[in-house]
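Readers should treat all values here as calculations from the given coordinates under stated rules, not as data from a laboratory. Keep in mind that what you see is a predicted model, and the values were worked out from it rather than measured. Glycine gets a Cβ as well: all are built from the backbone with ideal geometry, and neighbour counts include every protein chain shown.
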Amino acid sequence: MDVAFRSGTAADAPACGRIGYEAFKAIAEQHNFPPDFPSAEIAIGLYAMILGRSDIFSIVGERDGRIMCSNFLWEGDAIAGVGPITVLPAAQNALLGRRLMQSVLARAESRHHAGVRLVQAAYHNRSLSLYTKLGFQAREPLSTLQGLPLNMELSGYRVRQASLDDLKACNTVCRMMHGHDRHGEVSHAIDGGIATVVEHRGRITGYATGLGFFGHAVGRTNEELKALIGTAPAFTGPGFLLPTRNTELLHWCLQQGLRIVQPMTLMSLGLYQKPAGSFLPSILY
């Protein structure tokens, strides 16, 4: 397919958002799963936010002046995150997804990122095949969880809103967990007023940038994550992502009435360290 690629602009948000809504809805409904976006308007709002940030590289493909596809690289930290990647349903199976991925991987290499990661819908066999062929390794099976807020506190674990004074401690917890921090991502969440920290015995032992698709969390143990999940005002988007192999935490969530919405897979290229504690990845990684 004769498609020209260029950097995205804020003016592309309506077209990219509509394609994102249609593409994710089509593949989800093929497998009897709910779509990631409940409406085109919500998708457009997300793409407007992404295209307005200077720390996110964007690439769109267009044909005869019409946008056909897009992809993004979140490059504010040592590890870069990919997505959302979408192709107009009528233009799929024409290698556009591969070209979009090759573009962001070339960008990550040029900026010397230590690694690149993404999360894919486990039911989408074509994306799993593509990412594997490009060198990504499947690292964690994930379960997307959703439900009503739990409105519960965990004894001995105090959850409060994070401030910039907490950033150093959050980075320390993340480095102990993953071997790298997510300084830029945490800073952005603190500025937006959505980051929280959990204190245990007088020190910060976990944090979250939000409980939902675009938020991540880390804790020294499962107790920190229980405290963060228990006090979350909502689980934004389709829900939050939990490593399925963390049976103890998954069982606890199900006991609290949360439900599994869909399976996903965390994949990595480049630097990856086996987590040394408990964590919830975002839809990026």
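Classify the stretch 146-280 as rounded, prolate or oblate, taking a ≥ b ≥ c as the square roots of the eigenvalues of its Cα gyration tensor: rounded when a/c is under 1.5, otherwise prolate if a/b is larger than b/c and oblate if not.
Note, shape of the stretch 146-280 comes out rounded.
Helix 167-178 against the longest principal axis of the chain: what's the angle in degrees, Cα atoms only, rounded to the nearest 10?
Roughly 80 degrees between the two axes.
Between rounded, prolate and oblate, where does the stretch 74-151 land on the alpha carbon gyration tensor, with a ≥ b ≥ c its root eigenvalues, rounded for a/c under 1.5, else prolate if a/b exceeds b/c?
Details: a/c = 1.87, a/b = 1.21, b/c = 1.54.
Oblate, since a/c reaches 1.5 and b/c is not below a/b.
Using the Cβ atoms and a cut-off under 10 Å, what net charge is assigned to the surroundings of T231, where Lys and Arg are +1 and Asp and Glu are -1?
Neighbour charge sum, excluding T231 itself: +2.
Can you give the relative contact order of the stretch 146-280 as a percent, counting alpha carbon pairs under 8 Å and 6+ residues apart? Walk me through the intermediate numbers first.
Values: 233 pairs, mean separation 42.3, N = 135.
Over the stretch 146-280, the number comes to 31 percent.
Work out the length of the dipole vector of the chain about its Cα centre, built from +1 on the beta-carbon of each Lys and Arg and -1 on the beta-carbon of each Asp and Glu, and round it to the nearest 20 debye.
Magnitude of the dipole: close to 540 debye.
Under 10 Å from the Cβ of G76, count the other residues' Cβ atoms, weight Lys and Arg +1, Asp and Glu -1, and hand me the total. Could the numbers behind the result be given before it?
Numbers: positive: R53, R182; negative: D55, E75, D77, E185.
Neighbourhood net charge equals -2.
Any idea which of F240, M101, G45 is furthest toward the positive side of the dipole for the chain, if Lys and Arg beta-carbons carry +1 and Asp and Glu beta-carbons -1?
Positive-most Cα among the choices belongs to M101.
Loop-only check: which chymotrypsin sites (Phe, Trp or Tyr not before Pro) in the stretch 18-116 are DSSP coil with at most 15 other Cβ within 10 angstrom? Don't skip to the end; give the middle numbers.
Details: sites: Y21, F24, Y47, F57, F72, W74; in loops: none.
Here no loop site has a sparse enough neighbourhood.
May I ask you to derive the FRET efficiency for A234 and H112 from their Cβ-Cβ distance with R0 = 41 Å, giving the value to the nearest 0.05? Please list the in-between numbers first.
On the way: r = 37 Å, r/R0 = 0.90.
For R0 = 41 Å, the calculated efficiency reads 0.65.
Test of the criteria: in the stretch 32-125, which trypsin sites (Lys or Arg not before Pro) are in a DSSP loop and have at most 14 other Cβ atoms within 10 angstrom of their Cβ?
Of the trypsin sites (Lys or Arg not before Pro), the ones in loops of the stretch 32-125 whose Cβ has at most 14 other Cβ atoms within 10 Å are R53, R111.
Which of the three applies to the chain, rounded, prolate or oblate, going by the alpha-carbon gyration tensor with a ≥ b ≥ c and a/c under 1.5 meaning rounded?
prolate
If I take every Cα pair under 8 Å that is 6 or more residues apart in the chain, average their sequence separation and divide by the length, what percent do I get for the relative contact order? Before the final figure, lay out each step's value.
Values: 590 pairs, mean separation 58.8, N = 285.
Once normalised by length, the contact order is 21 percent.
Let me know the charge dipole size of the stretch 4-113 about its Cα centre in debye, to the nearest 20, where only the beta-carbon of Lys, Arg (+1) and Asp, Glu (-1) is charged.
Around 280 debye, computed over the stretch 4-113.
What is the order of D77, D165, fewest Cβ neighbours within 10 Å to most?
D165, D77
Measure nothing fancy, just the Cα-based angle from helix 40-51's long axis to the longest principal axis of the chain, in degrees from 0 to 90, nearest 10.
It is inclined by approximately 80 degrees.
Hey, what angle do you get for helix 96-110 against the long axis of the chain, alpha-carbon based, 0 to 90 degrees rounded to 10?
It works out to around 60 degrees.
Find the relative contact order for the stretch 4-113 and round it to a whole percent, using C-alpha pairs within less than 8 Å whose residues are 6+ positions apart.
26 percent
What are the ³J(HN,Hα) values, in whole Hz, obtained from phi via the Karplus relation 6.51 cos²θ - 1.76 cosθ + 1.60 with θ = phi - 60°, for each residue of the stretch 3-20 in sequence order, with x given for Gly and Pro?
10, 9, 10, 7, 6, x, 10, 4, 5, 7, 4, x, 5, 5, x, 5, 5, x
Using DSSP to define loop residues, name the trypsin sites (Lys or Arg not before Pro) in the stretch 190-249 whose beta-carbon has at most 14 other beta-carbon atoms within 10 Å. Walk me through the intermediate numbers first.
Working: sites: R201, R203, R220, K226, R245; in loops: R201, R220, R245.
Here the sparse-neighbourhood loop sites are R201, R245.
Could you compute the net charge surrounding D191? Neighbours are other residues with a C-beta less than 13 Å from the C-beta of D191; K and R count +1, D and E count -1.
So the surrounding residues net to -2.
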